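Asker: Following this message is one structure expressed as C-alpha cells.
The values are calculated or read from the model by the stated rules, or taken from the named source; none is laboratory data. In this text the structure is predicted, and so the values were computed from the model without any measurement. As a convention, Cβ positions derive from the backbone with ideal geometry for all residues, glycine included, and neighbour counts pool all protein chains shown.
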Amino acid sequence: AQRVTQPEKLLSVFKGAPVELKCNYSYSGSPELFWYVQYSRQRLQLLLRHISRESIKGFTADLNKGETSFHLKKPFAQEEDSAMYYCALSTSGTYKYIFGTGTRLKVLA
Amino acid sequence: DAGITQSPRYKITETGRQVTLMCHQTWSHSYMFWYRQDLGHGLRLIYYSAAADITDKGEVPDGYVVSRSKTENFPLTLESATRSQTSVYFCASSVPGLAEAFFGQGTRLTVV
C-alpha cells in the first residue's frame, strides 16, 4: 500500500538553527514526492517537488530511493518558517496525492 | 475571481442533517479532490475525480457523496452528518502532467 510517514508531529527549533523535517514513503514503483506548506490561516501551497530539484525559501529536499525518504532541510531557520508541513506522494499511473500526517514547525526567537 | 474557491468557509450543522460543501475552480482543471484535515491524521482523501462524470473513492469515503456534472464544480455532500465528520475540508484541483495540486481555502465544518 502507498503510505507517507512523517514521524514528528511537532518540531521546535531556535531561529538560525538547522531544520530537518523527516518524510518516509512506501511505494514500490517510481514516486513523485512533494512538500506542501500551510501557514497560519492560509491554504496549502506547494513548497517543493523532487523532480524540479530546486531550492525554495532556502528549503531543499532530496529523494533517497534506497531509504525511501524525502526529508526537507534548511540550514538556518527563520521565524516566518513556522507552519504546518506536509509530505505528499503521487504515484505513476494515478493522479491522486497521498499525504502524511504533517509536522508543525515552530521557530523560536 | 480566478482560482479555486470553497463555500461556505464555516458551517455549523446538527447531527443527522444533510449538508453540501461547494467547490468551484476557474482553470478547467480535469482533476479535483476532496480531503479532510484532522489533527493526528493529516489530510485524508475522501473522493477524487478525473473529469466530469468520473469520480472515485479515496481513503475515507463513507458518509460522503460527490458529483461532478460540470468540470468546474465538485460538491461534497454529507448525507446524514455525524460528529465524527467535524473537520476542515479542503478541495483541490490539478491537471495531468502538472504534478501540483492547487487547494481551496478550506471549509471548517462543525457537527453538533
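Asker: In this structure, does B:Ser49 turn out to be in a loop (DSSP other than H, G, I, E, B) and small (Gly, Ala, Ser)? Walk me through how you get there before you give the answer.
Answerer: Working: in a loop (DSSP other than H, G, I, E, B): no; small (Gly, Ala, Ser): yes.
Judged against the criteria, B:Ser49 is not a match.
Asker: When the residues of segment B:23-37 are filtered to those that are crowded, with 16+ Cβ neighbours inside 10 Å and more than 9 Å from chain A (Cβ to nearest Cβ), which remaining residue is nearest to B:Gly97 (Cα to Cα)?
Answerer: Residues of segment B:23-37 that are crowded, with 16+ Cβ neighbours inside 10 Å, as a first pass: B:23-25, B:29-37.
Now restrict to residues that are more than 9 Å from chain A (Cβ to nearest Cβ): B:23-25, B:29, B:32, B:34, B:36.
On the way: B:Cys23: 22, B:His24: 21, B:Gln25: 18, B:His29: 11, B:Met32: 14, B:Trp34: 20, B:Arg36: 24 Å.
Across segment B:23-37, the extreme among qualifying residues is B:His29.
Asker: Please pick out the residue among A:Arg41, A:Arg49 that is surrounded by fewer than 12 Cβ atoms within 10 Å (Cβ to Cβ) and at pLDDT below 90. Write out each step before concluding.
Answerer: Numbers: A:Arg49 fails: surrounded by fewer than 12 Cβ atoms within 10 Å (Cβ to Cβ).
Result: A:Arg41 is the single residue among A:Arg41, A:Arg49 that is surrounded by fewer than 12 Cβ atoms within 10 Å (Cβ to Cβ) and at pLDDT below 90.
Asker: While we're here: Looking only at segment B:52-67, how many residues end up being in contact with a Pro (Cβ under 8 Å, 6 or more places away or on another chain) and outside any strand (DSSP E or B)? Give the derivation first.
Answerer: Just the residues of segment B:52-67 that are in contact with a Pro (Cβ under 8 Å, 6 or more places away or on another chain), to begin with: B:66-67.
Next, from what is left, pick out any that are outside any strand (DSSP E or B): B:67.
Qualifying residue count, segment B:52-67: 1.
Each row is one residue, and each column tells you yes or no for (1) in contact with a helix residue (DSSP H, G or I) (Cβ under 7 Å, 6 or more places away or on another chain); (2) within 11 Å of chain B (Cβ to nearest Cβ); (3) among the small types (Gly, Ala, Ser).
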position: A:Val4; (1), (2), (3): no, yes, no
position: A:Val13; (1), (2), (3): no, no, no
position: A:Glu20; (1), (2), (3): no, no, no
position: A:Phe34; (1), (2), (3): no, yes, no
position: A:Arg41; (1), (2), (3): no, yes, no
position: A:Gly58; (1), (2), (3): no, no, yes
position: A:Val107; (1), (2), (3): yes, no, no
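Asker: Give me a count of the residues in segment B:67-112 that are surrounded by fewer than 21 Cβ atoms within 10 Å (Cβ to Cβ), more than 12 Å from chain A (Cβ to nearest Cβ) and more than 21 Å from B:Glu14 (Cβ to Cβ).
Answerer: Of the residues in that region, 7 qualify.
Asker: From the list A:Leu108, A:Leu89, exactly one residue is surrounded by fewer than 20 Cβ atoms within 10 Å (Cβ to Cβ) and not charged (D, E, K, R). Which is it? Don't jump to the end; show me each part of the working.
Answerer: On the way: A:Leu89 fails: surrounded by fewer than 20 Cβ atoms within 10 Å (Cβ to Cβ).
Criteria check complete, one pass: A:Leu108.
Asker: Could you list, in sequence order, all residues of segment B:1-37 that are part of a strand (DSSP E or B) and either without any contact (Cβ under 8 Å) to a residue 24 or more places away in the chain or small (Gly, Ala, Ser) (or both)?
Answerer: Residue satisfying the conditions is B:Ser7 alone.
Asker: Quick test for you: out of B:Tyr10, B:Tyr48, pick the one residue that is of a type in the set (Phe, Trp, Tyr) and farther than 30 Å from A:Pro7 by Cβ.
Answerer: Values: B:Tyr48 fails: farther than 30 Å from A:Pro7 by Cβ.
One residue alone meets the criteria, B:Tyr10.
Asker: Looking only at segment B:51-66, count every residue that is surrounded by 13 or more Cβ atoms within 10 Å (Cβ to Cβ) and within 14 Å of the chain's Cα centre (by Cα) and tell me the total. Can you show your working first?
Answerer: Just the residues of segment B:51-66 that are surrounded by 13 or more Cβ atoms within 10 Å (Cβ to Cβ), to begin with: B:52, B:55-61, B:63-66.
From what's left, within 14 Å of the chain's Cα centre (by Cα): B:55-61, B:63-66.
Final tally of qualifying residues: 11.
Asker: Take the residues of segment A:1-35 that are among the polar types (S, T, N, Q) and within 16 Å of the chain's Cα centre (by Cα): which is farthest from A:Asn64 (Cα to Cα)? Full working, then the answer.
Answerer: Just the residues of segment A:1-35 that are among the polar types (S, T, N, Q), to begin with: A:2, A:5-6, A:12, A:24, A:26, A:28, A:30.
When the remaining residues are screened for being within 16 Å of the chain's Cα centre (by Cα), the result is A:5-6, A:12, A:24, A:26.
Details: A:Thr5: 14, A:Gln6: 15, A:Ser12: 25, A:Asn24: 9, A:Ser26: 12 Å.
Among those that are among the polar types (S, T, N, Q) and within 16 Å of the chain's Cα centre (by Cα), it is A:Ser12.
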